[in-house]
1. Under 20 Å from a point placed 7 Å out from the Cα of Glu287 along the Cα-to-Cβ direction: which residues of region 175-212 have their backbone N that close?
2. Report the antiparallel proportion of the DSSP beta bridges in region 86-347 as a percent, rounded to a multiple of 5.
3. For the pair Thr204 and Arg120, how long in nm is the line joining their label points, each one 7 Å along Cα→Cβ?
4. Can you list the residues, at least 5 places off or on another chain, whose amide H is less than 5 Å from the amide H of Asp64, using H built in the peptide plane?
5. Which distance in nm do the two modelled labels at Thr395 and Glu370 give, with both placed 7 Å along the Cα-to-Cβ direction?
6. Using the beta-carbon distance between Val52 and Phe184 and R0 = 30 Å, what value does 1/(1 + (r/R0)^6) give for FRET efficiency, to the nearest 0.05?
7. If the chain between Ala403 and Thr106 were fully stretched, how many nm would it gain, using 0.36 nm times the residue separation less the Cα-Cα distance?
8. How big is the dipole moment of the chain about its Cα centre under a simple scheme where the beta carbon of each Lys and Arg is +1, that of each Asp and Glu is -1, and everything else is neutral? Debye, nearest 20, please.
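Please treat every number below as a calculation from the coordinates, not as lab data. Note that the structure is a prediction, hence the values are computed from the model and not measured. Here the Cβ is made from the backbone with ideal geometry for all residues, glycine too, and neighbour counts use every protein chain on show.
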Amino acid sequence: MTALNVPPHGGPDLPQERRLVTEIPGPRSREMFARKQAAVPPGVGTTLPVFVTKAGGGVVVDADGNSLIDFGSGIAVTNVGNAAPRVVERVRKQVADFTHTCFMVTPYESYVRVCETLNRITPGDHDKRTFLVNSGAEAVENAVKVARHATGRPAVVVFDHGYHGRTLLTMTLTAKNMPYKHRFGPFAPEVYRAPLAYPFRWPTGRERCAEEAAAQTIDMIDKQVGAENVAAVVIEPIAGEGGFIEPAPGFLPKIAEFCRANGIVFVADEVQTGFARTGHLFACEHEGIVPDIITTAKGIAGGLPLAAVTGRAELLDAVHPGGLGGTYGGNPLACEAALAVFETIEREDLVGRARRIGSIMLPRLRALAERAPAVGDVRGRGAMIAIELVRPGTTEPDPALTAQVAKRCHAEGLLVLTAGTYGNVLRFLPPLVIPDHLLEEGLTILEKAVIEA
């Protein structure tokens with residue numbers, strides 16, 4: 001699908017163009033940021049202190065009238081756009097009917113329809129159940145609860161470079177200390193960390209990465225934990241905050257096979273990778289993985305807070321009545337938004353659109369790597385792409401250069417995000433509805449910033 005096929009999002013009055021009328025950030029945004037600093041604790045960080053007044057398609061418009069190209073999508077949340085027409089229409093109708101009853105008190109059909117859809121579209125044709133919560137961290141935490149309850153086992157295995165959330169348990173599951181875990185301990189017990197098959201940094205090279213990483217993981221589980229004690233293995237099919245790391249091909253299938261052979265629940269954390277982002281509905285489909293439980297959030301509801309736990313019926317049905325849920329989980333506004341997202345992805349072929357975005361971005365970024373020795377690696381799938389910046393001729397991370405490139409992009413009206421365990425990855429998550437011309441223009445800005453920096 002080309003840009004010409006993408007309908008206007010964010011309203012017809014929102015031009016799909018980069019437009020700078022002040023410096024970035026402008027005076028009104030600076031004024032509001034001063035208010036933010038006086039009212040909000042500094043622990044709530046800000047990537048780019050421009051205050052948004054409107055957004056849609058591939059742009060965000062700030063309080064000073066600047067229109068910036070969006071390569072962030074609110075961290076993979078607004079896959080269908082910031083004001084997708086179907087989302088707006090459904091939410092507008094629902095908010096006039098009722099905003100909340102609590103599904104556990106008096107249920108409503110939209111919650112059930114979301115669960116039915118997820119049971120149908122997630123990988124595998126086995127009998128499934130789904131329940132809804134508010135955030136990705138909540139979904140992952142509930143997946144672990146279900147796995148422990150169903151298996152009667154305590155241990156959970158996670159991986160280097162993984163990110164799973166900011167609650168006590170999901171902080172424990174997360175690998176990176178700063179800023180996510182620093183001085184927030186003590187952490188939850190019975191969590192064990194294994195090496196991730198990180199091709200760019202594997203000591204013996206890409207070719208041996210999958211086999212050796214899988215062997216080390218299985219050896220660790222057998223010797224340090226005991227497979228019979230492991231309730232769940234939790235992994236992102238592409239590590240998000242860790243730096244958009246695609247595990248070496250073959251690694252995920254080996255881990256999934258080991259889990260099946262030992263009665264371990266394989267949990268795919270698809271919070272960032274789900275809903276067409278990678279060129280499949282779910283990233284685990286790239287290698288034919290059928291997880292026992294899949295957690296979703298972010299792109300599920302077009303910007304409204306919603307998350308889900310979907311898994312094998314025998315696992316989720318094992319939990320006693322009242323053991324799952326929450327006051328706001330599956331809020332009716334968010335459920336209507338999710339139904340609109342499902343429809344938009346299907347009708348506008350956003351899976352195909354994600355592949356189209358990847359086919360534009362990856363060749364240009366690989367060409368950039370040929371010109372700029374600091375680009376050590378180019379990786380990703382669909383519209384989930386990253387470059388890793390290093391000191392030329394080495395694999396030594398260069399977080400200072402990464403920050404400088406991001407700053408230059410922001411000043412030119414391109415919103416980009418950084419990531420990575422070492423802070424040296426630029427990650428790109430454009431809305432799937434971004435027009436091609438904005439995608440190309442954003443890449444030109446990025447290329448200039450890398451070369452000049």
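1. 175, 192-212
2. 45 percent
3. 4.7 nm
4. When sequence neighbours closer than 5 places are left aside, the close amide H contacts are Ser29.
5. 2.5 nm
6. On the way: r = 29 Å, r/R0 = 0.98.
Efficiency, from the Cβ-Cβ distance: 0.55.
7. Details: separation 297, 0.36 × 297 = 106.92 nm, distance 4.91 nm.
Stretched out fully, the Ala403 to Thr106 stretch lengthens by 102.0 nm.
8. Working: 46 positive and 50 negative charges, 154 e Å.
The dipole of the chain has a size of about 740 debye.
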